[in-house]
Amino acid sequence: MKQLQRSRSQALLLALSLLGAGIASYLTSVHYENIPLVCSESGLINCAQVLSSPYAVIPGTYLPITLPGLGWCLISAALAIASFFATTVLWQSRIRIAQFAWALAGLLVVLYLVYVEIVRLHTICAWCTALHALILLLFLITLVELHALPSASALNAETELKESENMSALPRSK
């Protein structure tokens, strides 16, 4: 039952990561292809103002900030996919720790970007906010998953069992 619940949470992490990649791809294409922006262009929600600000590109470049966002989402998706193939509790734990650390890094960037939108630009991009909300949700899910990890003693017991199985499989000299 627990395995099924973890598979569901990993499937949810994968789906949210892919949705985020879709949003980041759309915003990247808006930057490069001059695709019409489907968003309000006046008032508090003004995607055009946010996406045309100096904060919308990586400092010192012309690359949109959405490219690292796209990369972040794709790595998050890759970690979720890797969790489906992790065969031992030890590897599942390592992947979940990596997912949490990755989500925490993403959340810290989101906090900075929200600060920029509210304090510096005095306007919000709805698409950016949707991606920020997805990253917050990914962080919360990984936090719950991290909390549900087996204890270190259980991981050590599994490692010792695997090592003893490997030792017994070795050919013995006479």
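The values are calculated or read from the model by the stated rules, or taken from the named source; none is laboratory data. Quantities reported herein were computed from a predicted structural model and do not represent experimental measurements. In this analysis, Cβ positions are derived from the backbone assuming ideal geometry, glycine residues included, and neighbour counts consider all displayed protein chains. Keep in mind that these areas ignore ligands, DNA and RNA; they rest on the heavy atoms of the full protein, side chains included. Shrake-Rupley method; radii C 1.70, N 1.55, O 1.52, S 1.80 Å.
For the condition in a helix (DSSP H, G or I) and farther than 15 Å from THR142 by Cβ, what is the one hit in ALA103, ALA48?
After ruling out the rest, the residue left standing is ALA48.
Just checking, which of SER76, SER17, SER9 is open to solvent by less than 30 Å² (accessible area, probe 1.4 Å), under 23 Å from PHE139 (Cα atoms) and modelled with pLDDT under 95?
Just one listed residue meets the conditions, SER9.
Confirm whether PRO64 is under 23 Å from ILE124 (Cβ atoms) and within 21 Å of the chain's Cα centre (by Cα).
yes
Could you identify the single residue in THR129, THR87 that is free of Cβ contacts under 8 Å to residues at least 40 places away in the same chain and in a loop (DSSP other than H, G, I, E, B)?
Going through THR129, THR87 in turn, the sole match is THR87.
Going residue by residue through segment 19-30, is there one that turns out to be touching an Asp or Glu at 6+ places or on another chain (Cβ under 8 Å) and either part of a helix (DSSP H, G or I) or hydrophobic (A, V, I, L, M, F, W, C) (or both)?
No; the residues of segment 19-30 include none that is touching an Asp or Glu at 6+ places or on another chain (Cβ under 8 Å) and either part of a helix (DSSP H, G or I) or hydrophobic (A, V, I, L, M, F, W, C) (or both).
Across segment 79-96, which residue is nearest to SER29 (Cα to Cα) among those that are open to solvent by less than 50 Å² (accessible area, probe 1.4 Å) and hydroxyl-bearing (Ser, Thr, Tyr)?
My answer is SER83.
Residues in segment 7-50 that are over 17 Å from the mean Cα position of the chain (by Cα), closer than 30 Å to ALA82 by Cα and not hydroxyl-bearing (Ser, Thr, Tyr): how many?
Number satisfying all stated conditions: 1.
Given (1) over 26 Å from PHE100 (Cβ atoms); (2) open to solvent by 90 Å² or more (accessible area, probe 1.4 Å); (3) touching a residue at least 12 places away in the same chain (Cβ under 8 Å), where does ASN34 come up short, assuming only one miss?
Going through the list (1) over 26 Å from PHE100 (Cβ atoms); (2) open to solvent by 90 Å² or more (accessible area, probe 1.4 Å); (3) touching a residue at least 12 places away in the same chain (Cβ under 8 Å), ASN34 breaks only (3).
Of all residues in segment 106-126, which are closer than 15 Å to GLY20 by Cα and in a helix (DSSP H, G or I)?
GLY106, LEU107, VAL109, VAL110, ALA126
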